[in-house]
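Report on one structure; see the data block that follows.
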Amino acid sequence: MNIRDQFPALQRTINGQPVVYLDGPAGTQVPQRVIDAVSNYYATSNANTHGRFASSRQTGELIREVRKKLAVFLNADNENCISFGQNMTTLNYSLSRAIGRVLRPGDEILITQLDHEANRGPWLALRENGVVVREVRMLSDGTLDYDDMAAKLNERTRLVAMGYASNLFGTVNDVFRVREMTYRTGAWLLLDAVHAAPHMNIDVGSVDCDFLLCSAYKFYGPHVGILYTRPGLLDSLPTDRLRTQEQHAPFSIETGTLNHAAIAGVGAAIDFIASLGNGPNLTAHLLTGMANILHHEKELFHKLVSGLMNTLQVKLYGPPHDVWPRCPTVSFTVEGSMASHVCQELGEQGIFAWDGHFYAIRAAEVLGQIPFGGFVRMGLAAYCTHEDVERTIEVMKKHYD
Ligand SMILES: Cc1ncc(COP(=O)(O)O)c(C=O)c1O
């Protein structure tokens, strides 16, 4: 996939070597078209919405257009299912406060040990209202214990809040199976698709979830959080909102002025993914574009994982690395070295990788990794290359074989 010249950040060098960006799970680099969309917004149509003049009308139209693109991206019914926020965490907190107001003491919420804290903390906070929050177990291979979930799901469960994919292990959860389980009890299903959205087609229609969240900075866009809600559902929730703002979906959870310029960039990020595919319409372009991204990432992932497996001191975690669906994200520990030390070493050689728990802190606790500084995490993106992976393996072998 030859898209590298679209990404100005890939020109960066450290000690004369091009940077290898394996930090995508914490945020991808952005193509020039995203940078242009953000700066063009400021140059041409910067205004607040709802005014009776050109730049304000253009801003309103732009935001509507980006909602429409995201509705196609997620296969949502229409743009009124798409709300914006500062990031996923802030949107999820807003949603949890609204849901907290319609739950009664004794109602139950299921969260999981595998999830990012952004999909645990907001729900755990509802314990203050007498809501019972139960936690589904994670197995040692970084997959969910679905039997435990079935045992904990009952007629009092009002919400299952879980990840679509794990940002720690790349696990793709069986959300279709969970949806079947929740049908039996009538619980809402909320999916954190932040880690899944950069790597796979998300189809809220076929999963039939009630809520889904993602974050554009993980899929080549700016820092904007995105919330999908099932048609009609947001209107029934008492969100925090001013009496002066619009009281219905998608606006009723959007407090204050949105980041218009960044939203312009989100539209360009969708266009970027679409540009990697083909077909008669945006849906086809996005489906094939995303399939092409994953195809490329899979090839690199195979090479990366094989190299790491053959590095003596490395221990890989998570579900089997050659079984898909999964995300091209791998976490590992290095015998005798703190994760921070390994990432420092890599960073000095221009290889950018994260160490720690990546806010999937509960999973790291369950595996007993917190005292050792967590894991080293490497994640692939559309712009990564075979040379990137080869250089990474070379450095890893030099120091840790
Ligand atoms: C799986 C997952 N969920 C949620 C979040 C939080 O997203 P945001 O930074 O948009 O709040 C992240 C960020 O790393 C993530 O990886």
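The values are calculated or read from the model by the stated rules, or taken from the named source; none is laboratory data. Here the structure is a predicted model, which means the values were calculated and not measured. All Cβ positions, even for glycine, are placed from backbone atoms using ideal geometry, and neighbour counts span all protein chains on display. Note: areas computed on protein heavy atoms with side chains; ligands, DNA, RNA excluded. Shrake-Rupley method; radii C 1.70, N 1.55, O 1.52, S 1.80 Å.
Which pairs have Cβ atoms under 8 Å, sit 6 or more apart or on different chains, and link a residue in region 63-79 that is free of Cβ contacts under 8 Å to residues at least 40 places away in the same chain to one that is assigned to a helix (DSSP H, G or I)?
Arg64/Glu79; Lys68/Glu79; Ala71/Glu79; Ala71/Cys81
Considering only region 4-38, how many residues are within 30 Å of Thr171 (Cα to Cα), in a loop (DSSP other than H, G, I, E, B) and either within 16 Å of the ligand (Cβ to nearest atom) or at pLDDT below 95 (or both)?
5
Is one or more of the residues making up region 183-204 away from the ligand (no atom under 16 Å from the Cβ), within 20 Å of Ser96 (Cα to Cα), outside any strand (DSSP E or B) and charged (D, E, K, R)?
Among the residues of region 183-204, not one is away from the ligand (no atom under 16 Å from the Cβ), within 20 Å of Ser96 (Cα to Cα), outside any strand (DSSP E or B) and charged (D, E, K, R), which makes the answer no.
Give me the pairs, please: first residue somewhere in region 282-311 and closer than 15 Å to Thr329 by Cβ and basic (Lys, Arg), second residue anywhere and in a helix (DSSP H, G or I) and open to solvent by 70 Å² or more (accessible area, probe 1.4 Å), beta-carbon distance under 9 Å, and either six or more positions apart or on two chains.
Filtered contacts from region 282-311: Lys303/Glu390.
Quick one: in region 161-175, which of the residues that are among the aliphatic types (A, V, I, L, M) and outside any helix (DSSP H, G or I) is surrounded by the most Cβ atoms within 10 Å (Cβ to Cβ)?
For region 161-175, the residue satisfying everything is Leu168.
I'd like the full set of residues that are within 15 Å of Met88 (Cβ to Cβ) and not in a strand (DSSP E or B), limited to region 220-257.
Hits for region 220-257 are Gly221, Pro222, His223, Val224, Ile253, Glu254.
Identify, from the list Tyr183, Tyr217, the residue that is in contact with a Gly (Cβ under 8 Å, 6 or more places away or on another chain), open to solvent by 30 Å² or more (accessible area, probe 1.4 Å) and of a type outside the set (Gly, Ala, Ser).
Tyr217
From the list Ser56, Ser94, Ser83, pick out the single residue that is surrounded by fewer than 17 Cβ atoms within 10 Å (Cβ to Cβ) and of a type outside the set (Phe, Trp, Tyr).
Ser56
Quick one: Asp107 ticks every box in (1) open to solvent by less than 60 Å² (accessible area, probe 1.4 Å); (2) in contact with a Leu (Cβ under 6 Å, 6 or more places away or on another chain); (3) farther than 30 Å from Asp23 by Cβ bar one, so which box is it?
Only one criterion is unmet by Asp107, namely (2).
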